[in-house]
Amino acid sequence: MDKFVIRGGNPLTGTVRISGAKNAALPAMAAALLTEEPVILENIPQVRDIETERKLLVAMGADVELGYGRAQHRTTICCRNLVNAEASYELVKTMRASTLVLGPLVARMGHARVSLPGGCAIGARPIDLHIKGLEQLGAVIAQEHGYIEAQAERLKGAHILFEKITVTGTEDLLMAATLAEGETVLENCAREPEVVDLASLLNKMGARIEGAGTPTIRVQGVERLRGARHRIVPDRIEAGTFIIAAALTGGDLSVSSCEPRHLDALLQKLEECGVQVSATGDSVRVSGNGRPKGADVATQEYPGFPTDMQAQYMALATQAEGTSVVTENIFENRFMHAQELVRMGADIRIEGHRAVVRGRTALSGAAVQASDLRASASLVLAALVAEGETIIDRVYHIDRGYERIEEKLRGVGAQIRRIGELLPKRMVAPEVAV
Ligand code: EPU
């Protein structure tokens, strides 16, 4: 199993280029199930979750070309000859986002058999709201042997109010509603840029969607969708991770090919901490100017502070002046990184869904273990400022969502290397789904 060996102390300088957003690419690939025609997606990140989704679609009979390389990162997906409408436990257990195929399959094929995802490292994460919404659209859903079986002749438009804001739930029902008969109104929707990106792709495919990015989305169902070409939005979480890396190491880094508008909550928080950040065009420049001040943060749905940046922010808080309180409001168990940071010398006290972080603690390199994608990123960040060498185990978690992170970090001055590549890169079997 791969590990990262990181020697701390180098400020990050130069320019790092941000990849396409994993969490936008995954629903976009699922959207290809809605049409017989090819869907071409550009700016696809080269991460393991994309490979998992490719396997998922291929197992259904889809033709998926996935090409990486200079200026490519493109996939062409053609779902003309689907042989089954099933997402197996083997794949769903490695990636929860596999459940995004449920809505499109029922809408286009009239049936779907999708494994329930089971437990997750960061919280319970049920998909009850996806199921309830599909039932409101007229699907008949049964659950047996760990699978959801859904049937519908043709889905019918409905008025659906999400009891809780859910990102993939919004995406799943949005896709289903595109082919439903009549109008669907989705209320209390997630407003994440990834939802907006999906709606933009679906509209290019011939869907009639209005209001994506606001709490209310209206969809006029159409008989069929066609192929389209679409460029995936930049990954705001990858961008945010590099921005914090620069703030932490006191570097001077340009984070390019990103969308600064999607980073507002993070950039505002960093300004509050006294970090110098400036956004121009598709780039954010971060200049480290001494130690940041601590500031409290509470995760919220977009446009609030993202839960996917909470772990990385906590690494920064360990080095900031004063005490910072980090409150996690989205997931019930997303502080797994805290104990690993403590092993590196951080002073963090967990009180329910709050973490009290006392700043300015000297970190020292240690052997630590990654527990999920964003937790792994926070350990990499801490290691960049720790004294001596840190060895991070289970980096397959980070490979799920960060493209060549070690190469990108090395390119801007970090001392990081990957060891133990006994199996081909990014192919090591994961143990939990996040
Ligand atoms: N929830 C329910 N019922 C549902 C769906 C969600 O109770 O049917 C709850 C969840 O348990 C959670 C809250 O609602 O407490 C929000 O979950 P949400 O459904 O929004 O999360 P998700 O769609 O499963 C996506 C991202 C996550 C990100 C969250 C929150 C993708 C593929 N995943 O997950 O990304 O943390 O939204 O922003 O888009 C990551 O990239 O590391 C990651 C975990």
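Observations on the model:
- Shape category assigned to segment 180-235 from the gyration tensor of Cα positions, a/c cut at 1.5: oblate
- Residue 42 versus residue 387: modelled label distance in nm, points set 7 Å from Cα along the beta carbon direction: 5.0
- Average accessible surface for the chain: 38 Å² per residue, computed with a 1.4 Å probe over protein heavy atoms with every protein chain in place.
- Ranked by solvent-accessible area (1.4 Å probe, protein heavy atoms only, all chains present), the residues 125, 208 order from largest to smallest as 208, 125.
- For the pair residue 65 and residue 183, label points projected 7 Å from Cα toward Cβ lie 4.1 nm apart.
- Dipole axis of the chain (+1 Lys, Arg; -1 Asp, Glu on Cβ), positive-most option in 157, 371, 213: 371
- Between segment 202-217 and segment 287-334, the Cα center-to-center distance that results, in Å: 32
- Surface share of carbon and sulfur [accessible, 1.4 angstrom probe, percent] for segment 1-50: 43
- By the rule of a C-alpha distance below 15 Å, with chain neighbours fewer than 8 residues away ignored, the aspartates and glutamates paired with residue 55 are 63, 65, 86, 90.
- Protein accessible area in segment 72-208, 1.4 Å probe - carbon and sulfur %: 48
- Modelled label reach - residue 161, point 7 Å along Cα→Cβ, segment 119-136 residues with backbone N closer than 20 Å: 128-136
- Residues with amide H under 5 Å from that of residue 297, placed H, sequence gap 5 or more: 325, 326, 327
- Over the chain, DSSP H runs of length four or greater, each weighted -39,500 (n - 2.57), average out per residue to a 222 nm ellipticity of -8500 deg cm²/dmol.
- Over 19 Å apart at the Cα level, from the set 269/293; 164/269; 22/408; 93/132; 132/164, are 164/269; 93/132.
- When the Cα gyration tensor is reduced to axis lengths a ≥ b ≥ c, the ratio a/c is 1.5 or higher for the chain, and with a/b above b/c it is classed as prolate.
- With Cα atoms, 0 to 90° folded angle of helix 236-249 axis to the chain main axis: 0
- Taking only protein heavy atoms and a 1.4 Å probe, the accessible area of segment 278-434 is 49% carbon and sulfur.
- Centroid-to-centroid separation of segment 231-264 and segment 134-181 [C-alpha atoms, Å]: 35
The values are calculated or read from the model by the stated rules, or taken from the named source; none is laboratory data. Every value quoted in this text rests on a predicted model; they were computed, and no experiment measured them. For neighbour counting, all protein chains shown are included, and Cβ atoms are generated from backbone atoms with ideal geometry for every residue, glycine included. Protein only, heavy atoms only, side chains kept; ligands, DNA and RNA dropped before computing areas. Shrake-Rupley method; radii C 1.70, N 1.55, O 1.52, S 1.80 Å.
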